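To start, the structure itself, in structure tokens.
The values are calculated or read from the model by the stated rules, or taken from the named source; none is laboratory data. Here the structure is a predicted model, which means the values were calculated and not measured. Cβ: placed from backbone, ideal geometry, glycine included. Neighbour counts: every protein chain shown.
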Amino acid sequence: MDQTPFLEPNFLYHVYVKGAKHFQKTDDIYDHWALFIVEEGQFDFRMGVQAETAVQGDLVLCPPGITFYRKTNGLSFHMLGFQWNGGLRSEDLSGTAFPLIGKFRLLNNRRMNSTLSLLREAYDLDPGIIRGYKQHLLRDLMVVRQMESYNRKLDLLYSENPLLQRAVRLLQQQAEFGVPLKSVAAELGISQVQLTRLFKQEFNTTPSAYAASLRLDKVKQLLANSSLTLAQIADHCGFTDEHHLSKSFKKQHGINPSSYRKAHSV
């Protein structure tokens, strides 16, 4: 079993902005790690080859030393600055349980909402008194994300609800082949609408989005470790064609499959 330890963040500061019409600066370069959490509204951002839109519930992690471009027409967000203990850089994170740099979501929706509520309550308190508490909240967010990222590598997604746990297993077994969600719901004995509602409530994502993520994980493996063409990978992973694959891949990862293969092929 992989014994990779979780990474520990060292809290620097916390900023909470409510109802901003725009960012004070259209771009910035930080000398530390910056975590943005969207509470309301949305913003467009670009860093390196990634260009995406972050909406309510999204987290965006920006490493030090990279230009972070952003714009919004209305946004409430938290920003937490930190360093990794040991002075880890982005290139040091390869092979760890930590997610790729950029946009992500926590699947544990209840934990996420609870932590955001606590950050809001703590924002106006004396920084000298509350620093340790915010360190705890930041660590909680990062550890939860690392746990989820590690579990996803093992195709794990847990629920105490037996029906949802079975749904996860079915999606993991069948998502790669593009099996219709309606078929998965029928096998569970519920409607597609019921499955989507229960799944989203528990995991903060829809079963179709989770299945798509699993399929794209498989695509990444094949791009990096096989000589299959894009058309062959699309057919193998349940995409209509290579255009459908490329569009889905770039939307999820901010980079086209060919560029990903070039950067990650051994």
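What about Thr115, is it of a type in the set (S, T, N, Q) and within 15 Å of the chain's Cα centre (by Cα)?
Details: of a type in the set (S, T, N, Q): yes; within 15 Å of the chain's Cα centre (by Cα): no.
Against the criterion (of a type in the set (S, T, N, Q) and within 15 Å of the chain's Cα centre (by Cα)), Thr115 does not qualify.
Under 30 Å from Arg261 (Cβ atoms), more than 24 Å from the chain's Cα centre (by Cα) and without any contact (Cβ under 8 Å) to a residue 40 or more places away in the chain, is that true of Ser183?
Details: under 30 Å from Arg261 (Cβ atoms): no; more than 24 Å from the chain's Cα centre (by Cα): yes; without any contact (Cβ under 8 Å) to a residue 40 or more places away in the chain: yes.
Answer is no for this residue.
Might you check whether a residue that is charged (D, E, K, R), modelled with pLDDT under 75 and more than 16 Å from the chain's Cα centre (by Cα) occurs anywhere in the stretch 72-90?
Here is the first cut: in the stretch 72-90, the ones charged (D, E, K, R) are 89.
Cutting the leftovers down to modelled with pLDDT under 75 gives us 89.
With the extra rule that they be more than 16 Å from the chain's Cα centre (by Cα), the set shrinks to 89.
Checked against the condition, which is being charged (D, E, K, R), modelled with pLDDT under 75 and more than 16 Å from the chain's Cα centre (by Cα), the stretch 72-90 yields at least one hit.
Give just the number: which of (1) under 30 Å from Asn113 (Cα atoms); (2) surrounded by fewer than 18 Cβ atoms within 10 Å (Cβ to Cβ) does Pro207 not satisfy?
Only one criterion in (1) under 30 Å from Asn113 (Cα atoms); (2) surrounded by fewer than 18 Cβ atoms within 10 Å (Cβ to Cβ) is unmet by Pro207, namely (2).
Do any helices (runs of 4 or more DSSP H) entirely within the stretch 155-266 hold 2 or more residues that are farther than 29 Å from Phe45 by Cβ, and if so, which?
Values: elements: 162-174, 181-188, 192-203, 207-225, 230-236, 242-253, 257-264.
Correct list: 162-174, 181-188, 192-203, 230-236.
Could you list, in sequence order, the residues of the stretch 109-121 that are touching a residue at least 60 places away in the same chain (Cβ under 8 Å) and either surrounded by 17 or more Cβ atoms within 10 Å (Cβ to Cβ) or hydroxyl-bearing (Ser, Thr, Tyr) (or both)?
Within the stretch 109-121, the subset touching a residue at least 60 places away in the same chain (Cβ under 8 Å) is 109, 112, 116, 119-120.
Those that are touching a residue at least 60 places away in the same chain (Cβ under 8 Å) and either surrounded by 17 or more Cβ atoms within 10 Å (Cβ to Cβ) or hydroxyl-bearing (Ser, Thr, Tyr) (or both): Met112, Leu116, Leu119.
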